[in-house]
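Have a look at the structure below before the remarks.
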Amino acid sequence: MFPFRFKAILILFVLLFVCIAARLFQLQIIESDKYKGISKTRRITTYPLDSTRGSIFDRNGRTLAIDQHAFDICVHYKNLLYGSLTRANKTIPRITEMDVHKKTKKSCHDCHENQDLWLKKLSHLLNIPQIKLLEYTDQAIEKVEKLKQGMEQKYGRAIRIKEETDFYPMVSDVAWEKVIQIETKPDEFPGIRVTPRPERIYPEQTLASHILGYMGKLTGDEWKVQSENWNNFILASSSAGNETTSLLYDGYAENDTIGRTGVEAHYEDDLHGLRGKRFEEITCKNTQIKKTVLERPSVPGNNIYLTIDSQIQAHAEKVLGANSGAVIVMDPWTGEIVAMASMPHFNPNTIEKDFRKLIRHPSKPFINRAIQGALPPGSIFKVVTAAAALSSHAITAQTNFECPGYIKYKNITFKCWSEYGHGFVTIEDAIPYSCNVFFFETAKILAGNALYTWAKKFGIGEKTGIDLPHEKAGSIPKLATTASAMNIAIGQGALLTTPLQLARVYAAIANGGTLVHPHVLLKMTNSQGETVRTFQSKNKQKLSLSPDISNLLRASLQDVVIRGTAKDKGLDIYKVAGKTGTAETGRHKDNHAWFAGYAPYDNPRYCFIILVEHTPGHGGDIAGPIARELMSYLFPEIDPAS
């Protein structure tokens, strides 16, 4: 029984082997010429499919940036070539020198009468003169022919290069009505393809332009870097056993756009998405598309929801007006940026047209002054000096100094802003009245290292880590001398800070000593609306401020509005606690006006920073009214007239 079954199985295997061998013999020997012919006359070529860039929304879902499809008309290279030869009487050496062309008495138009039909059809459809369309073809032809010539010289034989099978853009931003006519009657438009192209649109124009950023085309060097990164990604995917991505998707194309600044740049990898691919079989003889073998749709980029409230953002920009400066509104508990205005600003929709003018403009509109404007903070830095002195026990709440309007140290006279001085003052008076002399005296007692250490604790001289590119760290020098410490103590000298750093300082005062991580990302969703990421704070720090010191600082900042340098500015009704500042630039009647604070003082919802650059006025006079207008919008339930 068993020998018979064994023989049957053996015979089955032998027959199967013979069948396979016979089929291989037929394919490789008998029909080899047939398949060699097919391989020589047909080729699989791939075309990238643009991905849709993720949209950007404010915290309430209002659209701030979105991709809209624009349509370009592209023409196959063969049609471009013969259109140029037959209509513009151009000569291509490799064609005119061919034996078949030398022997015939026919003109190019006689031999290729249908190859230039696209020219007539497109001219009529788009109402563009044929001669104008022919001008667009020259650059593409010159590029391809030069590349082809180089390849043939390199290999010493005729070569058909991939670029000869491509389509090249002729007309951009074609109206949808025209596109429909081409798409519904493809046979009437030979050699023509409609190519959808994503176009970045910012519906709110200039609103939050520094936060959103703008797009720009890749340079040649950048494209090489991106291509190398994509190749490394492919290798990593292959090593992980996942070759699907590298096979069916593409990285950046040579003329792709990329985020240059703002959220567009910082979250480029998330917004960009994956380009798809179309695999087409073409016949090499006439470079006609035989069929589409496979088409893999692109993967849209992720959508981003920002912490920004676009209505508050619009009002912040409005109250800043024509002033150069910045306004920041931040949640003091979470670090969420509710508004970040920087003036002057720009329109990201017209950046390509306006770039040269803007980059040379003396007002430097591309600078995000909220995170890149490193300036002396003036008196709003005094809360840091006070926190350092109280925490180091250099002074107490009862310590008082006499202010006659100036103080002399060695051969240097340090002046208070008040010519006649403030008399005897404690810290509870020095902050509301912004007495320079009190902080000069404090700096003489307070070791320079202690002030430097506490400034660093508050994040001065360091980046906040906000999720926006090109943030500046500012600087605080080592305080080697008492004189330098006295200058730094009132926010002058070599001290440079950004508005965002100071917003972080006042948020820490408001929330009881936590240094929050400022951020603009609220959440990220995929194209199906599923949340794929929320912001995760990395560097929240707890300052060693005692409750007594925190309460003393908060009470003093509250008094600034009630009886101090911000008195009668209409801010007390909103329960604002804050500090005015006037930073001298060294030029006559040229200051930076500051106002920093939070509201309401008994349950802070917002902390804010206001900066107006290069003004003859002082912090309370210039930034105070701006703060009042801002508060009226943040707290609409409060009636100033009541």
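Structure values in brief
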| quantity | calculated |
| --- | --- |
| Chain lengthening between Gln398 and Ile20 when straightened (0.36 nm per residue, less Cα-Cα) | 126.0 nm |
| Over 24 Å between alpha carbons, listed pairs Lys364/Lys415; Lys415/Lys589; Lys120/Lys146; Lys444/Lys575 | Lys364/Lys415; Lys120/Lys146; Lys444/Lys575 |
| Region 308-376-region 547-605 distance, computed between alpha-carbon centres (Å) | 23 Å |
| Pairs beyond 26 Å (Cα-Cα), from Lys78/Lys217; Lys382/Lys542; Lys382/Lys523; Lys457/Lys478; Lys162/Lys217 | Lys78/Lys217; Lys382/Lys523 |
| Accessible surface of region 347-475, 1.4 Å probe, proportion on carbon and sulfur as whole % | 51 percent |
| Packing rank of 353-366, 214-227, where each peptide gets the mean count of other beta carbons within 10 Å, highest leading | 214-227, 353-366 |
| Heavy-atom accessible area per residue - region 310-397, 1.4 Å, Å² | 37 Å² |
| Separation in nanometres of the label points that stand 7 Å from Cα toward Cβ, at Ile638 and Arg197 | 5.2 nm |
| Cα centroid separation - region 439-512 against region 135-180, whole Å | 59 Å |
| Per residue value of the accessible surface for region 560-642 (all protein chains in place, 1.4 Å probe), Å² | 42 Å² |
| Ranking by accessible area, most exposed first, for Asp138, Asp568 with a 1.4 Å probe | Asp568, Asp138 |
| Ordering of 151-161, 612-622, 171-181 by packing [mean C-beta count within 10 Å, highest first] | 612-622, 171-181, 151-161 |
| Under-5 Å amide H pairs with Gly335, H placed in peptide plane, nonlocal only | none |
| J(HN,Hα) series, region 547-556, from Karplus relation 6.51 cos²θ - 1.76 cosθ + 1.60, nearest Hz, glycine and proline x | x, 5, 5, 4, 5, 5, 5, 5, 5, 5 |
| Filtered chymotrypsin sites (Phe, Trp or Tyr not before Pro), region 592-642: DSSP coil and at most 16 other beta carbons within 10 Å | none |
| Ordering of 540-547, 431-438, 66-73, 372-379 by burial proxy (mean other Cβ atoms within 10 Å per residue, highest first) | 431-438, 372-379, 66-73, 540-547 |
| GluC sites (Glu not before Pro) restricted to region 365-457 and DSSP loop, no more than 12 other C-beta within 10 Å | Glu419 |
| Mean separation of Cα contacts under 8 Å, 6 or more apart, over the residue count of region 321-458: relative contact order % | 19 percent |
| Summed side-chain charge close to Thr482 - residues other than Thr482 whose Cβ falls under 15 Å, Lys, Arg +1, Asp, Glu -1 | +3 |
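The values are calculated or read from the model by the stated rules, or taken from the named source; none is laboratory data. Predicted model only: the values in this text are computed from it and were never measured. Heads up, the Cβs are rebuilt from the backbone with ideal geometry, glycines too, and the neighbour counts pull from every protein chain shown. Accessible surface areas use protein heavy atoms only, side chains included; no ligands, DNA or RNA. Shrake-Rupley method; radii C 1.70, N 1.55, O 1.52, S 1.80 Å.
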